Amino acid sequence: MQTLLDFIRLNGYGIYVWPAFVFAAAVLAFMGLRVRARLRAAEALLTRLEGGSR
Amino acid sequence: MAILCAIIANDLRLAWRRGADTLTAVGFFVLAALLFGFGLGGDPSALARAAAGLIWVTALLASMLALERMFAADFEDGSLDGLMMTDAPLELIMLAKAAAHWITTGLPLIVAAPGIGLMLNLPTDAFAALMLALLFGTPTLTLIGAIGAALTLGARRGGVLISLLVLPLYIPVLIFGVAATETALSGAAMDARLMALGGFFLAALALAPFAAAAALRQAVR
Amino acid sequence: MLNFLANPARFMRIFGPLLPWCWAVAVLAGGAGLVLALFASPADYQQGDSVRIMYIHVPSAWMALGAYTVIAAFSAIALVWKHPLAHVVAEAAAPLGAGFTAICLVTGMLWGKTSWGTWWVWDARLTSVLVLLFLYLGLIALRGAFDDESRGQRAAALLALVGFVNIPIIKFSVEWWATLHQPASVLRAGGPAIHPSMLWPLSLMAVAFMAYFAALLILSVRTEIARRKAEALIVAGRRQS
C-alpha cells in the first residue's frame, strides 16, 4: 500500500505528472469519441436511407 | 498603372466622404489610450513602463477594426467583379486597395501616436522610435489584414473571424514593434529591431498581394 | 496516383484494411510506451520524476506540428489538383491537431512549473505554439463560417498554406532566440542526444500518437464518404417525389 502511495506521490512530482497524463488521456478520448459519434450518425443515416428506398 | 491610381483615388474619396473608417480607427486608439491612462494613471512609472506595449496593442486592435470593410463595400455593390475583369493583375489591385486602406487607417494612427505617447507617459526619447516602427509596422498589418479580409468575404461574423485569422501573423509585428520602441529607452541598438520590422514589411509587400488575390478569387468563384 | 485514390470506394478498399493495424499499433506502442514511461525508465538527474511528463509533452508537440503539415500538404493538393477527398482530410485533421497542441501546452505548463518554477513565459517557443493553437482554431472557424461548404473549404485551405510559415518558426525558435525552453534533443542535426532508456518510451509514445491520429483520420474520411452518399440519396429522393 505504501509503495502504491509512494508511486502516486512520485517524490513530490505526482501532483504535476498525473494531471498531465489525465488531461492528455481526456483530450485523446474526447477526440476519439467525437469521431466515432459522427461516424455512427452518418452510417445510421445512410442505412436508414438505403433501407427505406428498397 | 492608371487603373491603380484610379482605385486609390476612388477609395480615398469614398473614405473622405464617409469618414467612418478613419474615425473608428483613430477614435478607438485615442479612447483606449484614455482608458489606460485613467486605469493606470495612479502609478505613473508603471504606466511609462507599459506604454510601448499598450500603444502597440491598441494600434493593432484599431487596425483590426476597419479590416472587414476593405473589400466589403465593393463586394456588395458588384464593383469587385468589375475590378477583377480589368487588365490589371489582381495582385496589383490588392496592393492599391491596401495602400488606400493604410492611408485612411494606418497613417492617422502614426499621426496620433505622439499624442497617445504623451497620454501614456511614454518617455519622449522613444517617440522617434515609435513613429518609425509604426511606419514600418502599420502597412504590414494592413497587408496581412488584406489576406484576412479577402478570406472572410461573405462569411458570418466576419469581423471577429478576421481578428482570429490575422492574429497569428500580427504577433511578430507586435513583438518587434514594441522591442523597437523600447530599445530607444534601453539604449540598445534600434537598428536590429527596425530591420526586422522592415523585413516583415518587405515580405508582406511581396507575398500578401498574392495570397489576398488568391483568396479573392476563391471568394467570388 | 492521386486520381486513382479519388474514387471513395477505392480509397476505402486501400485504407480501410489499414485501420485495424493502426489501432493495434496505437494500443501496443502506447501500452508499452506508458509502461516504460511510468515504471521502467529512470528519473532525471535534475528534474526527478517530473521528466515523465516529457513522454506525453514531446510526442504531442511532434503531432501538433505534424498534423498542421498534413493539413498544409492536403490543402495544397486540394487547391492545385482539386482532389475531392483532400479537403476532407484537411478538415478532419484540424480538430485533432488542435487537441494535440492543447495537450502540448498544458503538459508543458505543468512540466514548466516544476522545472522552471513558472507556469508560463512569453518566449519564442511557447508563444509560437500558442499561435499554432489559434491557427487551428482559425481553420476550424473559417471553414464553418460560410453557408457554401466548398467556399469554406477553399478559404480554410488557403489559410492553412498562409499559416504554414509558423511551423519552421516553432521548430527553430529555440535555436534562433535565447529561450527558457530547452533546445532540440531528438530531431536535430547530430542525431538524438538522449539516452536509449528515455528514447524508447519517447519513440513508442510518438508512434502510438501517430497511429491513433491515422486511425481517426481514416474513420473521418469514412464518415464523410457515408455523409456524401446519404446526401446524394436525399437529393435523388427529392427528385423522384
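A few points about this structure:
- Using a Gaussian network model of chain B in which every pair of alpha carbons under 10 angstrom is joined by a spring, one finds that among B:A96, B:A179, B:A20 the greatest mean-square fluctuation is at B:A20.
- Counting neighbouring beta carbons within 10 Å and listing from fewest to most, the residues C:H181, C:H87, C:H195, B:H101 come out as C:H195, C:H181, C:H87, B:H101.
- Tensor-based shape of the stretch B:96-145 (alpha-carbon gyration tensor, a/c under 1.5 rounded, otherwise prolate or oblate): prolate
- Label separation (B:L207 vs B:A46): 3.9 nm, computed from points 7 Å beyond Cα along the C-beta direction.
- Principal axis dimensions, the protein assembly as shown - Cα atoms, whole angstrom, descending: 71, 70, 42
- 222 nm mean residue ellipticity, helices alone, for the protein assembly as shown (DSSP H n ≥ 4; -39,500 (n - 2.57); rounded to 500): -28000 deg cm²/dmol
- C-alpha center-to-center spacing [the stretch B:95-171, chain A] in angstrom: 43
- Note, ³J(HN,Hα) from phi for the stretch C:226-235, Karplus 6.51, -1.76, 1.60, rounded to Hz, x at Gly and Pro: 4, 4, 5, 4, 4, 4, 5, 5, 4, 4
- Translational diffusion coefficient of the stretch C:98-241 (Stokes-Einstein, Kirkwood radius from Cα pairs, 20 °C, 1.002 mPa s): 115 µm²/s.
- Backbone amide hydrogens, once placed in the peptide plane, bring C:G48 within less than 5 Å of nothing, excluding anything fewer than 5 places away on its chain.
- Working note: Cα atoms of the stretch B:124-221, range along each principal axis, descending, whole Å: 52, 26, 17.
- The stretch C:20-110: Rg to Rh, with Rh as the Kirkwood radius over Cα pairs: 1.11
- Length-normalised contact order for chain C - Cα pairs under 8 Å, 6+ apart - percent: 32
- Averaging 1/r over each pair of different alpha-carbon atoms in chain A and inverting the result gives 14.5 Å, the Kirkwood hydrodynamic radius.
- Qualifying lysines (Cα of each under 23 Å from Cα of C:K113; at least 8 residues distant if same chain): C:K171
- For chain B, the alpha-carbon coordinates run over 56, 33, 29 Å along the three principal axes, in decreasing order.
- If you take all other residues with their beta carbon under 9 Å from the beta carbon of C:L219, and give Lys and Arg +1 and Asp and Glu -1, the sum is +3.
- FRET efficiency estimate (nearest 0.05) - Cβ-Cβ, B:L92 to C:V27, R0 60 angstrom: 0.60
- Most fluctuating residue given options C:A157, C:A92, C:A141, as computed from a GNM of chain C linking Cα atoms under 10 Å: C:A141
- Charge dipole (the protein assembly as shown, unit charges on Cβ, about Cα centre) - positive-most of B:A192, B:I110, B:A150: B:A150
- Both radii come from the Cα set of chain C: Rg as radius of gyration, Rh as Kirkwood radius; their ratio Rg/Rh reads 1.03.
- Straight Cα distances below 29 angstrom link C:K82 to the lysines C:K229, with same-chain residues fewer than 8 positions distant left out.
Since every read-out is calculated from the coordinates, none of them should be taken as a lab result. This one's a predicted model, so the numbers in the text were calculated from it and none came from an experiment. Cβ sites come from the backbone with ideal geometry, for glycine too, and all protein chains shown count toward neighbours.
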